[in-house]
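See below for the structure under consideration.
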Amino acid sequence: MSDVLERLRAALQDRYRIEDEIGQGGMATVYRAIDLRHERKVALKVLRPELAATLEPERFLQEVRVTANLQHPHILPLFDSGEADGFLYYVMPLVDGESLRERLARERELPVDEALRITREVTDALAAAHELGVVHRDIKPDNVLLAGRHAVVTDFGVAKAVSEATGRHQLTTAGVALGTPAYMAPEQAAADEHVDHRADIYAVGAMAYELLTGRPPFTGLSPQQVLAAHVTETPQEVTELRAAVPPSLGAVVMRCLEKKPADRWQTAELLLTQLEALGTPSMGVTPTQALPDSRPRPPLPWIAGAVALVAILIAGLWPLARGDFAAPGDGASGAAGGAVADVEPGFVVVPFENQSGVDSLDVFGAVMADFLTSQVSRNGIAWVAPASNVRDFARERPAGSDVVAYFSGGTGARYVVTGSYFPQGSSLVIQAEVTDAATSELVATVGPMEGPLHDFMEAARTGTDQILGVLARVLDPGTVGFPARVAGQPRSYAAYRDYVEGMELFDQAERARARDLVYQAVAADSTFAEALLMAAVLEWQLGDIARADSLIQVTEGYRADLAPGDLVWLDWLQAWIEGDREAAWRAGRRFSELDPVTGGDERGARMANRPREAVDAAMRTYRRFADPPISVGYWWFDLLSSLHLLGEHDTELEYARDAREKHPDDWRTLRYEIMALGALGRADGIRELIAVAEERAVEGAWDFPTVLSQADHDIRPHGQEALADSLSRLAVRWCDERGERTAPCARALYRTGEMERARTLFEELLAEAPEDVTLLGWLGSTAARQGDRDAALTLSQRLAEIEARPYTYGGATGWRAAIAAELGDRQGAVALLEQAYRDGLSYSVTLRHRTQYLSLQGYPPYERFMEPRG
């Protein structure tokens, strides 16, 4: 040993001063050394001589250098590698800490939150490595180092480098194991040449198993026995060995240990999402030393506005995607009795009635309705209004109103399914009725049916199984033996109960509380696809787009478990997250297939430059309800801006006035009317509305400069330059008299040509929000107007850097197009607009009206870009 050390010191004396040996592993001996060039301590790892003798050195070094590209907080980087005097070596930082193996030797098993944290950090490292095509192949406690609060993975790719350099993939080479039996995936144990990244997922599961239980999944007298067990035996459940482990965490670990790679988590990213969710308080495991998530998060202050917009959009589209509608008002849809004529041959399932008087049984009625509804959809019997919205109807139902007329009128469904239940001995007795709302006739009865009182989920399955066939025969009396099947149900009533209660909170806009309950449902059943999808929706609404993205990717793995409506919603939301407006539009078109009464996606159609389709979809909703149920700021905008882009300004004005009549206190409805009047050239009408706005502003109700700025924006493109100029001068005067220094004031200065004052104010505002995309765009445009090309291009570059971040959706690129237009580069401006759309920018009136784009009007490439597609 002394001779080997001296030879090594002599071979590397120009590069490293080797101090002493600090450890040995299956493939390498580790030395403490000093990197002479950089004067730093390092761990120098030298392959065992008997192993090095079997390798092709160049191939080994080529493979091991791949890991040098791995840059991640939980991956120990590779500093150097090489060959010297027959020694193959590689160099990594010397970590001041201990290995996970040393800690396990001392403590045997770790606290649950510590085990979760370490597993999550190792998985985070694997996700980054797998993204670059690097597989570890030897994840084990020995290769995880603990430094302070950090866990870092070492020796990435070394096992693969050895196997590639020998040209062999056997379990051992020259008596050295390529992998460690206790953590080796079955395909590794079987010497499969096609081992991929899922072997790392198995190894993480085996390691997490040991952290939680104090032992690996399999132990035996010999390595061969352990390897055989990986291939043939099922490990004991984690929770059986340690009751303190939450069932949800145990289930995640056990799925890692599935024999077949296809049955495990398919990517480290999916596993990471599960582990992160388990780290939330609502999932029952709260890490005490959790590190900040190292993955990208939306860094932009302006993203909150985008999320708020989409949150309102989701609140409107969720009913359409799932077949839901707003609660009926005082019109025909909420009639107190009598047949309902305007209906389609679909179903609405009303929450079943608890006839027992026992409060603890109340929730079963909602569960039964929701479960039955999902099964009608999943079996393709007919379109159906989901129970989530029907529960809303139930809360708002006027006393004494007829159940059938009320729910059929609100949803447009012809057939209304009602039911009741009560306990009898150890059973829960369920019965149901189906009524034709068009004729007020009872067309079918089901039951009584009995299910176990102690198992609500089994009772719901029993009732649903019998009702499905009856519903099929209602639509087609000739149907015999309809093969309806109860499928896709969660594993426990607790999961379904939490999901249903979460949906009720979602309907009430209690998003944070709804998220907690939905996560509890996922904790009870990690494969509960509807709950995963709902968790993604809620994370999106709450502003965590990255987490929503991860949850959507997890949900993708359970597509087969989703009902048709949920599949459309999954595709639509995924397209939104990816910024793919065309895919969102295609998904949105499928809404109307599921809901022939009001289904459609006016927002997706408008954003994909299909204003005619947007108007048609919006009008379906409008014709159904006297007062459109979706926000004045979004449903109305989609309808009116689409009419505007189509040039149908008389119709636009009619509906704009309707909007202002319904929502007189919302200044945006006044804006919509001004937009239509500007296109029609009615200056006097605009002046009258501006007077109304000023009066409301004096009262403190409205922000007058904002109204004036928007009015200038909407009328200037229609040849109303003189009036637009007067409105912006009025805004400047208002701001000066009151000492206001806001963005609308700065925009007014810009539009009146006071560029120096505008630039100063934009810079002042930007100092408070340095990454505000809109302010950067306006400031860049101002610099361009002043002829300061260098400053304008510098600001454009800042916008480009912001756009390179995740979840920006083309907004920054759209402003780069504005700056290019102001610099006179029309070709570059249009190219940037096209790129912005590909990245997620939406078509809207803004692309016609934005002040900076006015110079593009009449330019053929811009006109082709703006030409409606449908």
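Read-outs: derived from the displayed coordinates by stated rules, not from any lab. Fair warning: this is a prediction, and the values are worked out from it, not measured in the lab. With ideal geometry, Cβ positions are generated from the backbone for all residues, glycine too; neighbour counts draw on all protein chains shown.
Remarks
- Distance violations [Cα-Cα > 22 Å] among K45/K260; K140/K260; K45/K140: K45/K260
- When the Cα convex hull of the stretch 642-752 is projected onto planes of every orientation, the mean area is 6.5 nm².
- Within the shell of other residues whose beta carbon sits under 13 angstrom from the beta carbon of L442, the net charge comes to -3, with Lys and Arg scored +1 and Asp and Glu -1.
- Mean Cβ neighbour count within 10 Å, used as a protection proxy, ranking 821-830, 673-682 highest first: 673-682, 821-830
- Nitroxide proxy distance, nm - points 7 Å out along Cα→Cβ at Q355 and A105: 7.1
- Qualifying aspartates and glutamates (Cα of each under 17 Å from Cα of K41; at least 8 residues distant if same chain): D14, E19, D20, E21, D80, D96, E98
- Under the combined filter of DSSP loop state and at most 14 neighbouring Cβ atoms within 10 Å, the stretch 715-748 retains these trypsin sites (Lys or Arg not before Pro): R741.
- Distant-in-sequence amide H partners of N609 (H built 1.01 Å from N, under 5 Å): Y843
- Sorting 449-459, 10-20 by their mean Cβ neighbour count within 10 Å, with the most densely packed peptide first, gives 449-459, 10-20.
- Residue-count net charge about G685 - beta-carbon cut-off 14 Å; Lys, Arg +1, Asp, Glu -1: -2
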